[in-house]
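Structure first, commentary second.
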Amino acid sequence: MPFRMTTKPASEWVTTPEAERLLGIKRDRLKRSFSYPTSEDGFLLEGTHWKRGPFPNSPITWNVPKCIEVLEAKGFTFEEVG
């Protein structure tokens, strides 16, 4: 079953709730896909697919088009809705 994008983002970089809504993927799934220096499981790279804000408690933002590219390469499918 494909994931459903609800609409195109106004900006490439969006907050986690917005990325979750746009991609149709729960935040836990997104965060499990992180690439940390100590983890070989992640495939979403910091600085390319997601980034931290300037402070330790800043929210993470996501580059939705770049995330779609790598997720599709991993076998996810998306269809635009609405």
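Within region 59-82, the only residue that satisfies the criterion of being more than 17 Å from F34 (Cβ to Cβ) and in contact with a helix residue (DSSP H, G or I) (Cβ under 7 Å, 6 or more places away or on another chain) is F78. Checking each residue in region 38-78 for being open to solvent by 30 Å² or more (accessible area, probe 1.4 Å), within 21 Å of R21 (Cβ to Cβ) and of a type in the set (F, W, Y) picks out only F78.
Of the residues in region 7-28, not one is surrounded by 14 or more Cβ atoms within 10 Å (Cβ to Cβ), within 16 Å of F76 (Cβ to Cβ) and modelled with pLDDT under 85. What is the number of the single condition among (1) farther than 14 Å from I25 by Cα; (2) of a type outside the set (D, E, K, R); (3) touching a residue at least 40 places away in the same chain (Cβ under 8 Å) that F76 does not meet? Unmet condition: (1).
The values are calculated or read from the model by the stated rules, or taken from the named source; none is laboratory data. Everything quoted here is computed from the prediction, not taken from an experiment. FYI the Cβ positions are ideal-geometry reconstructions off the backbone, even for glycines, and counts take in every protein chain you see. Surface areas here come from the heavy atoms of the whole protein model, side chains and all, with no ligands, DNA or RNA. Shrake-Rupley method; radii C 1.70, N 1.55, O 1.52, S 1.80 Å.
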